[in-house]
1. So which trypsin sites (Lys or Arg not before Pro) in segment 111-144 pass both tests, a DSSP loop state and at most 15 other Cβ atoms within 10 Å of the Cβ?
2. Each label point is 7 Å from the Cα along the Cα-to-Cβ direction; what then is the distance between the points at Val45 and Glu10, in nm?
3. So what is the orientation-averaged projected area of segment 5-80, using the convex hull of its C-alpha atoms, in nm²?
4. In nm, what is the difference between 0.36 nm times the number of residues separating Glu126 and Asp71 and their Cα-Cα distance?
Amino acid sequence: MTDLVSVSVEVNGRLREVTVAPHHTLLDALRDDLGLTGTKECCLVGECGACTVLIGGRSVDSCLMLAAEADGLAITTVEGLATGARLDPLQQAFLDTGAAQCGFCIPGQLVSARALLAETPRPTREQVEEGLAGNLCRCAGYEQIIEAVLRAADPATDGSPAGAPARPSGEPHPFDVANVPDAGLAPQ
């Protein structure tokens, strides 16, 4: 019989205790033991980014970290980005730009983008591409995802690249929102 390991972590600002097998990953503990299913299980080898969480402000593939290694650490999952009923500006930007297509990669994309913006508050398009390079999107919604991150970085520019002037009011957004499903009518 395998000895169990007691792990104490702060998840999304709340102290949590969990008992896991030594071989269980942080992903296993978050999803199975703590019920935080926003962190997605996909490749299990650190290639896709669907399981990305923040540990000490750094993005980490939770499928590559043992739960026992997280003992005493502060972890932020996608569920921890919102404040109460208020979405994080990144989450709102993803909705506004139609970046959430099938939705499977979006939690990891959001968490990686949050880490990027914490380190580089006004990233260029190239910095966003580099910051999200470890996150794969099956639907190939990269343009909307990049636009969402740029929009969240500087809402005054409405998604224009850093340093670009804001669009005059009344001028249409370059992203055609007519093709974006309304999340209220067709939840992703």
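1. Working: sites: Arg114, Arg125, Arg138; in loops: Arg138.
Listed in order of number, the matching sites are Arg138.
2. In this crude label model, Val45 to Glu10 measures out at 3.6 nm.
3. For the Cα atoms of segment 5-80, the hull's average projected area reads 4.2 nm².
4. Separation in residues times 0.36 nm, less the Cα-Cα distance, equals 16.3 nm.
Throughout, read-outs are computed from the coordinates displayed, never taken from laboratory work. The structure displayed is predicted, hence computed values, not measured ones. Here Cβ is always computed from backbone atoms with ideal geometry, including for glycine, and neighbour counts include all displayed protein chains.
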